[in-house]
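Here the structure comes first, spelled out in structure tokens, and everything after it is commentary.
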Amino acid sequence: METLKFHKTDCGVDFLLNVIHLESANGTYLKNVPFNTDFFEIVFFKKAHGRLILNHQQIELTDNSLIFISPHQKRQWHFEEEKEQLFTILLFQEDFLNEFFSDKLFAYRLLYFYQLHYPLKMAVDTELIQGYCNLLTEIKSELVHTKPDSIHIVRSLLYYILQKLNREYATRNHLDLERDNSNHYAFQFKHLIEIHIKKKQRVEDYAEMLGISRVSLNTAVKEQFNVTATHLLKQRLLLEIKNYLIHSKLTVSEIAYELSFSEPNHLMRFFKTQTGMTTGEFLHDNQSGSTLHALV
């Protein structure tokens, strides 16, 4: 499976950020084949017809909607070619974002990224989607026609877009923004999971890395995300297993080795407990399309 890597924009400032309109998206991006990327994406749809397979979820593409995609999520676009598609993509790398705003956990404070429990699609009205697209056009102009103060303008526009979307996403899904600044352990935990999920699957490991007790970590995660630390960790591990099953040619034994299970049977038992089906049943259903969860 191909991984699309970020390429710096052709401008005078070293931005790891870009805005792409449908007509300028390259052929690889729009091919009907699975791929992933090493950057974040927010896709702003004015007009859309088709579906997106994102990890193991099916998301229907509709007008006036946004889709949030995190790095290394496996996806496959299925556009209805005979119908009009009109969208703009905002994309950026995580390290750039965190350094740009002087906050190493900035990306993890955005509730729509690395999201396991709430929709990765958000419908908005026509006026709002047009407003966002106007701001994206301004960012693109600053990237292409860079001036001495472009970095400040891009920073302010990007911050505004990301935070406004975060507020709207939190409101739609009844998530709490109030504890964002104080509950840093929950965000650090989420950050560490993305880095170490293949090697560390115990909450105690992460509590030790953070220098706090398991109880304190669980309390922080529960307050911020309304689930236990164990649940968040298990769901992320389950997603990693599903990604290997669907998008790699590895056997279950090889996947177990990659994810540090002591025996393949332990992986299969974990998978059956979490999903109610065996890995073989999951693959069979996935190939027939019945395990894809539709998100309208």
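So the values come out like this:
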| item | result |
| --- | --- |
| Net lengthening on full extension, ARG236/ASP205 (0.36 nm per residue, minus Cα-Cα) | 9.6 nm |
| Per-selection Kirkwood Rh - the stretch 140-228 (Cα, Å, 1 d.p.) | 15.6 Å |
| Theoretical gain in end-to-end length, ASP95 to TYR118 [0.36 nm per residue, Cα-Cα removed] | 5.9 nm |
| Crossing angle, helix 264-275 versus the chain [Cα axis fit, 0-90 degrees, rounded to tens] | 60 degrees |
| Where the Cα pairs of the chain fall when distances are cut into 5 Å bins, in % | 1, 5, 11, 15, 17, 17, 15, 11, 6, 3, 1, 0 |
| Positive-pole candidate from ILE241, THR219, THR275, dipole of the stretch 184-295, charges at beta carbon | THR219 |
| Of LYS121/LYS249; LYS5/LYS83; LYS104/LYS164; LYS5/LYS104, pairs whose Cα-Cα distance is over 25 Å | LYS121/LYS249; LYS5/LYS83 |
| Most fluctuating residue given options LEU16, LEU158, LEU250, as computed from a GNM of the chain linking Cα atoms under 10 Å | LEU250 |
| Filtered trypsin sites (Lys or Arg not before Pro), the stretch 40-135: DSSP coil and at most 16 other beta carbons within 10 Å | LYS83, LYS104 |
| Share of pairwise Cα separations in the stretch 8-173, more than 21 Å, in percent | 45 percent |
| Estimated [θ] at 222 nm from DSSP helical runs (n ≥ 4, -39500 (n - 2.57)) normalised by residues in the chain, nearest 500 | -14500 deg cm²/dmol |
| Cut-off 20 Å (backbone N to label point 7 Å along Cα→Cβ of GLU138), residues of the stretch 100-127 | 100-101, 125-127 |
| Cβ charges +1 (Lys, Arg) and -1 (Asp, Glu), total dipole of the stretch 8-173, debye | 360 debye |
| Dipole axis of the stretch 8-173 (+1 Lys, Arg; -1 Asp, Glu on Cβ), positive-most option in HIS21, ILE59, ASN134 | ILE59 |
| Charge dipole of the stretch 184-295 about the Cα centre (unit charges at C-beta), most positive-ward option of LEU250, ALA207, HIS184 | HIS184 |
| Size of electric dipole in the stretch 184-295: Cβ of Lys, Arg +1 and of Asp, Glu -1, about Cα centre, debye, nearest 20 | 120 debye |
| Net charge dipole size for the chain [Lys, Arg +1 and Asp, Glu -1 on Cβ; Debye, nearest 20] | 660 debye |
| Efficiency of FRET between GLU127 and VAL33 - r from beta-carbon atoms, R0 35 angstrom, step 0.05 | 0.50 |
| On Cα atoms only, tilt of 126-144 relative to the major axis of the chain in degrees | 80 degrees |
| Selected from ILE59, ILE153, ILE129 as most flexible by GNM, with the chain as the system and alpha-carbon contacts under 10 Å | ILE153 |
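Readers should treat all values here as calculations from the given coordinates under stated rules, not as data from a laboratory. Since the structure is predicted, the reported quantities are computational estimates derived from the model, not experimental observations. Heads up, the Cβs are rebuilt from the backbone with ideal geometry, glycines too, and the neighbour counts pull from every protein chain shown.
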